[in-house]
Amino acid sequence: MGAKVPRNFRLLEELEKGEKGLGAEACSYGLENGDDLLMSNWQATVLGPPHSVHENRIYSVRIHCGEAYPDVPPEITFISKINLPCVDPRTGKVEHARLPCLAQWKRDFNMETILIELRRSMALPAHKKLPQPAEGSTYS
């Protein structure tokens, strides 16, 4: 088994990828505050997939990477209101048990893995026509 990459190296790698836009085109992410030395709090956006009720919408998401990340998945909370089965309708928090990549978390997954999976979830036939809250509405 290879050496485990320390949390901060791993997060620096993700930061660089996110800032340079090297990740998936429909997702972007970066540190909420450049002075966050622990690199715990991130802000991300997910572009709603085409041919769905989410088309042309941009969803804002907050990501919190705890001290045990990447051994433990981060906490993901939508800032923009969204109607998806894996998102708590009151708080916007993504429920780990209801999103496959969080439920079966692996150390080599990263923030982008989650953002892509959330976008994929929006595009699923069962979800792509779900009525959505008014555009621009947010969880308080």
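Tabulated results
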{"quantity": "Test: residue in the stretch 97-116 that is hydroxyl-bearing (Ser, Thr, Tyr) and in a helix (DSSP H, G or I)", "calculated": "yes"}
{"quantity": "Subset of the stretch 81-97 that is touching a helix residue (DSSP H, G or I) at 6+ places or on another chain (Cβ under 9 Å) and not hydrophobic (A, V, I, L, M, F, W, C) - its residue that is surrounded by the most Cβ atoms within 10 Å (Cβ to Cβ)", "calculated": "96"}
{"quantity": "One residue from 28, 40 being crowded, with 16+ Cβ neighbours inside 10 Å, without any contact (Cβ under 8 Å) to a residue 24 or more places away in the chain and not hydrophobic (A, V, I, L, M, F, W, C)", "calculated": "28"}
{"quantity": "Enumeration of residues in the stretch 33-75 that are over 19 Å from residue 135 (Cβ atoms) and aliphatic (A, V, I, L, M)", "calculated": "37, 38, 39, 63, 68, 72"}
{"quantity": "For residue 78: the one exception among (1) of a type outside the set (Asp, Glu); (2) surrounded by fewer than 18 Cβ atoms within 10 Å (Cβ to Cβ); (3) touching a strand residue (DSSP E or B) at 6+ places or on another chain (Cβ under 9 Å); (4) at pLDDT 95 or above", "calculated": "(2)"}
{"quantity": "The stretch 119-140: number of residues that are basic (Lys, Arg) and not in a loop (DSSP other than H, G, I, E, B)", "calculated": "2"}
{"quantity": "Verdict on residue 117 being in contact with a His (Cβ under 7 Å, 6 or more places away or on another chain) and surrounded by 13 or more Cβ atoms within 10 Å (Cβ to Cβ)", "calculated": "no"}
{"quantity": "Any chance residue 8 is in a loop (DSSP other than H, G, I, E, B), surrounded by fewer than 18 Cβ atoms within 10 Å (Cβ to Cβ) and over 11 Å from the mean Cα position of the chain (by Cα)", "calculated": "no"}
{"quantity": "Odd one out for residue 52 among (1) modelled with pLDDT under 95; (2) assigned to a loop (DSSP other than H, G, I, E, B); (3) small (Gly, Ala, Ser)", "calculated": "(1)"}
{"quantity": "Top-ranked residue of the stretch 93-107 - restricted to ones that are over 12 Å from the mean Cα position of the chain (by Cα) and touching a residue at least 24 places away in the same chain (Cβ under 8 Å), ranked as nearest to residue 54 (Cα to Cα)", "calculated": "105"}
{"quantity": "Exclusive hit being touching a His at 6+ places or on another chain (Cβ under 7 Å) and assigned to a loop (DSSP other than H, G, I, E, B), set 22, 84", "calculated": "84"}
{"quantity": "Options 19, 13; residue that is within 17 Å of residue 107 (Cβ to Cβ) and surrounded by fewer than 18 Cβ atoms within 10 Å (Cβ to Cβ)", "calculated": "13"}
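The values are calculated or read from the model by the stated rules, or taken from the named source; none is laboratory data. Values in this document were obtained by computation on a predicted structure and should not be read as measured data. For neighbour counting, all protein chains shown are included, and Cβ atoms are generated from backbone atoms with ideal geometry for every residue, glycine included.
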